[in-house]
Every structure is written in C-alpha cells, then in structure tokens.
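The next block holds one structure in the form of structure tokens; read it before the comments.
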Amino acid sequence: MKTLTKMFVAASALALAPVAPAAAQTVAYTDVQQVLGMSQAAKTADQQMRVTYKATYDQIESRARVLQAELNAMIVKYQADQKTNPNNPTLATQGKAIQDKQRAAQEEMGKLSDPLERVNAYVLEQIDSKLDAAVTAAMGKKKVALLLQRGAVIKNTPGTDLTQDIVTELNVLVPSVSITPPADWQPGQNRAGQQAAPTQQQPQGR
C-alpha cells in the first residue's frame, strides 16, 4: 500500500491545536504514513485483498515478468551492438525503442493495477476518517500540546514519538474496514470537508 498511503499523508488531519491546555506539556511527533500502514485494519485488509484479488495479483506479477524479460532482451542487444560498433546508426533507433517500451510497460502495469489501487484507496480512506480522533485521543493521554510530522523534526528525545500511541487508538476506533468499494465510490470524495481544518490551523504553528 505504499503508493496509496502517500496519497493521504498531506490530506490527513493532524491535530495541531492544544489538547487540554492547562495540562498539556509536551511536543511530540509522528509519521502519518507509518500510522496508516501500521494500523491493524490496514494489515487485515491487505491480507484479505491478497486472497480476494489473488487472480489480479497473479496477473500483474506474470505480466510484469514477461515485460521485464522483453525489455531486458532489448537492452542486451543494444549494449552488444554498442560495444561492437559505437557508431552504428541503428543505436539511436534502438534506444528510442527501449524508452518507448518502458513507457508502454508502465502504462500497461498501471492499468492492470487500477482495480487494486482503487480498493487500497477505499481501505485507507476508511481508516483515515478516524485518524483525527485517534490523534486527539493519543495527544490527550500523553498530554501533548503540539504534534509535528516526523519530517519537521530535527532532533528528538526518547518518548516524543507518538506514532504507536496513535496506532493503538486507531485500532480501537477502526479495527477493520471493507475491501469492497461501493460501485459509485471515487477516491477522495469524502474528504472535501476534512481538508479545510488543517489549513485553518496553519497560522498557529508559525
């Protein structure tokens, strides 16, 4: 789920506002991508997908091997011709053919992966919908006043990583999710109202 998880990192609403100001004392950090991937719902969904969509996974793996073998053969011939005669006028044509083959292979693999990408997006959106509540709960329990994304941290002290705490809360809020998107579902359609919150809070962190 690596690719699709990244789609939700920027959009996920991290609770940056103080939680219980009178008691909050700590600044902590987390990694949203890691939180989503570590959640039990994501792990279970991945296992279910590999069973339910096994035929698709097998098709992708099989076709990838074929395309890679074809591409390797073209590269080997190109390298051999280049070694034999560096001035061979066909080298430019061969080089372009290799590039075209690579682009075509990427497009084909992308189309084959589309059904799985859609399911992954649906899984992650369901988990992500509970992320803000999990973050708030974890911050409250650890008395965290400000939560940062891991990439913003230069140096930290032990105990300031809130990732596992958020995962624990997330597992309670969303222990499992569906791997069958509704027929009319589109990725991100339920996030329009959620994306405004972090933007409004940004001035507080400056």
Original post:
Taking the stated definitions as given, is V172 open to solvent by less than 30 Å² (accessible area, probe 1.4 Å) and on the phi < 0 side of the Ramachandran plot?
Top reply: no
Original post:
Restricting attention to segment 136-156, does a residue exist that is part of a loop (DSSP other than H, G, I, E, B), aliphatic (A, V, I, L, M) and either touching a residue at least 12 places away in the same chain (Cβ under 8 Å) or open to solvent by 60 Å² or more (accessible area, probe 1.4 Å) (or both)?
Top reply: yes
Subject >> Residue pairs meeting the criteria (Cβ under 8 Å; at least 6 apart or on separate chains; first under 23 Å from A69 (Cα atoms) and open to solvent by 70 Å² or more (accessible area, probe 1.4 Å), in segment 96-125; second in a helix (DSSP H, G or I) and of a type outside the set (D, E, K, R)) >> reply: Q102/L71
Original post:
So L116 fits all but one of (1) part of a loop (DSSP other than H, G, I, E, B); (2) modelled with pLDDT of 95 or more; what number is the exception?
Top reply: (1)
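The values are calculated or read from the model by the stated rules, or taken from the named source; none is laboratory data. Bear in mind the structure is a predicted one, so any value in this text is a computation, not a measurement. Counting neighbours? That spans all protein chains shown, and the Cβs are built from the backbone with ideal geometry, glycine included. Areas reflect the complete protein model, heavy atoms only, side chains present, ligands, DNA and RNA absent. Shrake-Rupley method; radii C 1.70, N 1.55, O 1.52, S 1.80 Å.
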